[in-house]
Amino acid sequence: LMQGVVDVSDLVRCDVVEFFDGVGNNFFHRILEIGFDEGGWFAVTRGDNNLGNDVKIRSSQILGVLVV
């Protein structure tokens with residue numbers, strides 16, 4: 001079950017989020033790291049079957065969180 005409109009302050013490591021990459025692709029990946037930098041809030045994610053981490057994603061890219 002996906003929950004839309006997400007307050008990113010409620011997200012924690014290991015949550016699975018749906019996000020878009022800005023070029024038309026949506027992904028469901030697990031959060032590995034959450035932080036803040038000069039651009040504000042960010043998360044580093046990785047797909048469960050992927051070997052490498054994704055680039056940082058921003059709160060504006062988050063579409064929902066998986067709720068079980």
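The values are calculated or read from the model by the stated rules, or taken from the named source; none is laboratory data. Source: prediction; values computed, not measured. Note that we place each Cβ from the backbone using ideal geometry, even for glycine, and neighbour counts take in every protein chain shown. Accessible surface is based on the protein model in full, side chains and every heavy atom, while ligands, DNA and RNA are left aside. Shrake-Rupley method; radii C 1.70, N 1.55, O 1.52, S 1.80 Å.
Quick notes on this structure:
- Selection from the range 43-58 of residues that are open to solvent by 40 Å² or more (accessible area, probe 1.4 Å), within 12 Å of Glu33 (Cα to Cα) and among the aliphatic types (A, V, I, L, M): Val55
- Strands (runs of 3 or more DSSP E) completely within the chain that count 1 or more residues being in contact with a helix residue (DSSP H, G or I) (Cβ under 8 Å, 6 or more places away or on another chain) and small (Gly, Ala, Ser): 40-46
- Cβ-Cβ under 8 Å pairs, at least 6 apart or on other chains, the range 1-28 side without any contact (Cβ under 8 Å) to a residue 40 or more places away in the chain, far side among the aromatic types (Phe, Trp, Tyr) and part of a strand (DSSP E or B): Asn26/Phe19; Asn26/Phe20; Phe27/Phe19; Phe27/Phe20
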